[in-house]
1. Give me the distance between the Cα centres of the stretch 73-134 and the stretch 1-52, rounded to whole Å.
2. Relative contact order of the stretch 15-134, please, whole-number percent, based on alpha carbon pairs below 8 angstrom and at least 6 residues apart.
3. If you put +1 on each Lys and Arg Cβ and -1 on each Asp and Glu Cβ, how big is the dipole of the stretch 3-131 around its Cα centre, in Debye rounded to 20?
4. Kirkwood Rh over Cα pairs of the stretch 3-131 into Stokes-Einstein at 10 °C, 1.306 mPa s: D in µm²/s?
5. With each label point set 7 Å from Cα along the Cα-Cβ vector, what nm distance links N61 and D29?
6. Run lengths n ≥ 4 of DSSP H only: what is the helix-derived mean residue ellipticity at 222 nm for the chain, with -39500 (n - 2.57) per run over all residues, to the nearest 500?
7. For the stretch 3-131: lysine pairs with Cα atoms under 21 Å, gap of 8 or more or different chains, count?
8. Taking the Cα centre of the stretch 72-134 as the origin and placing charges on Cβ (Lys, Arg +1; Asp, Glu -1), which of I84, V126, M112 is farthest toward the positive end of the dipole?
Amino acid sequence: MNETLSSVPIRKEWDIVGARQTGRNWAKDLGFGSVDQARIATAISELARNIYLYAKVGEINFERLDSVPSIGLKITARDQGPGIKEVSKVMKDGYSTSGGLGAGLPGVKRLMDEFDIESTDAGTVVTVIKWTRI
Ligand SMILES: Nc1ncnc2c1ncn2[C@@H]1O[C@H](COP(=O)(O)OP(=O)(O)O)[C@@H](O)[C@H]1O
Ligand SMILES: [Mg+2]
């Protein structure tokens, strides 16, 4: 079962902070512990910052997944920006230019349980899921 929770537009730098906070709140609501809340928040920051930096505008969607006995938080970062030319290169460690806390997209993959990226010249969609521990 999938339930849409909310959607946060990313248009200005401050929206990154808002998306991060919204994601942390949903994670808390769904029963994630504080360590997972922090992991989820860091992943969202990285995805939102990528939208802001490289695509300018986009959105972050939050969904709840029910797969008894686990609950999942599914996060979809979507934009219509220029896309990523070499996704396989970007997914190798050491490519990230920012060197920030999130350590780029490979860092996002490590922080979450599931990771998927679809990128064309029409835009990028990154989908990640975290499952509650049972
Ligand atoms: N949403 C996006 N749209 C277009 N290009 C992107 C997007 N996200 C990432 N990229 C490209 O992929 C590269 C790697 O991204 P990332 O792993 O987050 O590292 P960093 O942002 O630190 O460079 C970026 O430098 C950028 O060229
Ligand atoms: Mg980045």
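1. Each part reduced to its Cα centre gives a spacing of 14 Å.
2. Numbers: 214 pairs, mean separation 32.3, N = 120.
Computed over the stretch 15-134, the figure is 27 percent.
3. Working: 17 positive and 17 negative charges, 75 e Å.
Its charge dipole is roughly 360 debye.
4. Values: Rh = 14.5 Å.
The Stokes-Einstein estimate is 110 µm²/s.
5. With each label placed 7 Å out from Cα toward Cβ, I get 1.7 nm.
6. On the way: 4 runs with 46 residues, N = 134.
Helices in the chain give a 222 nm mean residue ellipticity of -10500 deg cm²/dmol.
7. Eligible lysine pairs with Cα atoms under 21 Å apart amount to 11.
8. After comparing all options, I get M112.
Taken together, the values in this text are just the output of simple stated rules run on the coordinates, not laboratory data. Note that the structure is predicted; figures quoted are calculated from it, not measured. Cβ atoms come from the backbone with ideal geometry, glycine included; neighbour counts cover every protein chain shown.
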